[in-house]
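A.B. asks: Got a structure for you, written out below as structure tokens; questions coming shortly.
The values are calculated or read from the model by the stated rules, or taken from the named source; none is laboratory data. Just so we're clear, the structure is a prediction, and the values are computed from it rather than from any experiment. Glycine also receives a Cβ, built like all others from the backbone with ideal geometry; neighbour counts cover every protein chain displayed.
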Number of protein chains: 2
Amino acid sequence: MAQEHTVKAFDEDITRLRGLIAEMGGLAEVSIGEAMEALTKGNQDLANGVIARDKRIDALEAEIDRLAIRIIALRAPMADDLREVIAALKIAGVVERIGDYAKNIAKTSGKIEGRRQFEPLTLIPAMAEIATSMVHDVLTAYAARDAKMAAEIVARDDKVDAFYESIFRNFVSHMMENPATISSGAQLLFVARNIERIGDHATNVAEMVYYAATGGYLTDKEDRAGA
Amino acid sequence: MAQEHTVKAFDEDITRLRGLIAEMGGLAEVSIGEAMEALTKGNQDLANGVIARDKRIDALEAEIDRLAIRIIALRAPMADDLREVIAALKIAGVVERIGDYAKNIAKTSGKIEGRRQFEPLTLIPAMAEIATSMVHDVLTAYAARDAKMAAEIVARDDKVDAFYESIFRNFVSHMMENPATISSGAQLLFVARNIERIGDHATNVAEMVYYAATGGYLTDKEDRAGA
């Protein structure tokens, strides 16, 4: 009876932990989308909203940390359960950084001049869409404890990387032909790089989901692509 | 007697955990220095060494994760002790990313053409020196559980950020005057950004050291600067 009570309390704690991560991930996903819109339209209000939301994301991470530590201290989980709590701690840390990248993109938004003249700008939202789908799907994989889906997301990161390489070359050509756009172009390259990093971080989360579900590691990039 | 035995075993585990983090941090520090030398001199062998070392850094993180989980599972640490193990887990994650930034810089090294013509290149090692000193000092603060030193490191990050802003402007001017250097210049801007991120991550570690030592948070950037 006492043990049943403990198991139920642990399950409730874990459900709450997973709920907080879902909430945090949802906010990060919204932030990426809004940061893109702020960037392409030069909408400063939207950019400010993304910057403000990042504080909420940070607060959620701190709440997840506290809850995870309390679960470990009070429930002393073993094996799979402990692995799940540790994975939640690490995933919260990575989602927090995804929020930071969205904030960085929102901050860049105000530094871009001559949006109309900068055709390669249209490539960035397409790249962001893939990265956002990775963030979305990795949270679904986490909620469903789906190791197979997690492995698929890891493979998808190669697309984001290839997109990034192509954007880089495209931007450099454009900047060479239009030296007046160099300053804005360099800022946009950072945006592209931030999106590439969001893809990397979604990949990290996918690896953690895989680890939490199976106890095994998806190791090398080389291996991953074939996974 | 049994309790004394447990305390001793826990202390040994924690000492081993701290030793692994010191080793990992030391490797990351060496990697930043060598990545800078590879970059400024165009030394591909050195760059390859940094790229190879990153696998060792990743392996150390996995080892720290496993040990931390084992400590929690076997010793069921409470309060301060648990906070210390959790901090070690998180610090290892951040040091791993510092290693990644050094690897990124090393990879960029082969993409830079016309080093001699690129005077702003000389600014980057100076910026890297501050970031490296932050990484070095934060590991010292961690080893010494020195909250005051950790707060000082957080304040130092503003210098790295200011340096970065100045490098950005300098590079953009140089690229406008010499459009042929745009491709290399954009790569060097990424290097500068990577160093700026290393400073941010050293700051994150400093916050965790502060947390592990005091249980409190160094929160806002605004607050930090005055800390």
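A.B. asks: Return only the number of the condition from (1) modelled with pLDDT under 90; (2) in a helix (DSSP H, G or I); (3) farther than 30 Å from residue B:84 by Cβ; (4) within 12 Å of chain B (Cβ to nearest Cβ) that residue A:104 does not satisfy.
C.D. replies: Just one mismatch for residue A:104, condition (1).
A.B. asks: Going residue by residue through the stretch B:126-146, is there one that turns out to be farther than 22 Å from residue B:86 by Cα, charged (D, E, K, R), part of a helix (DSSP H, G or I) and within 16 Å of the chain's Cα centre (by Cα)?
C.D. replies: Yes: one or more hits.
A.B. asks: Confirm whether residue B:115 is within 13 Å of chain A (Cβ to nearest Cβ) and not polar (S, T, N, Q). Step through it out loud before you land on a result.
C.D. replies: Working: within 13 Å of chain A (Cβ to nearest Cβ): no; not polar (S, T, N, Q): yes.
Judged against the criteria, residue B:115 is not a match.
A.B. asks: Of the residues A:155, A:151, A:143, only one is surrounded by fewer than 15 Cβ atoms within 10 Å (Cβ to Cβ), hydrophobic (A, V, I, L, M, F, W, C) and touching a residue at least 40 places away in the same chain (Cβ under 8 Å); which?
C.D. replies: Values: A:155 fails: surrounded by fewer than 15 Cβ atoms within 10 Å (Cβ to Cβ); A:151 fails: surrounded by fewer than 15 Cβ atoms within 10 Å (Cβ to Cβ).
Residue meeting the stated conditions: A:143.
A.B. asks: Only one of A:32, A:51, A:64 is surrounded by 13 or more Cβ atoms within 10 Å (Cβ to Cβ) and under 18 Å from residue A:81 (Cα atoms). Can you tell me which?
C.D. replies: Numbers: A:32 fails: under 18 Å from residue A:81 (Cα atoms); A:51 fails: under 18 Å from residue A:81 (Cα atoms).
Answer to the check: A:64.
A.B. asks: From the set of residues in the stretch A:48-84 that are more than 9 Å from chain B (Cβ to nearest Cβ) and among the β-branched types (Val, Ile, Thr), which is nearest to residue A:202 (Cα to Cα)? Spell out the reasoning first.
C.D. replies: Narrowing the stretch A:48-84 to residues more than 9 Å from chain B (Cβ to nearest Cβ): A:48-54, A:56-57, A:59-61, A:63-64, A:66-67, A:70-71, A:74-75, A:80-81, A:84.
Narrowing further to those that are among the β-branched types (Val, Ile, Thr): A:50-51, A:57, A:64, A:71.
Working: A:50: 19, A:51: 20, A:57: 16, A:64: 18, A:71: 25 Å.
Among them, the one singled out is A:57.
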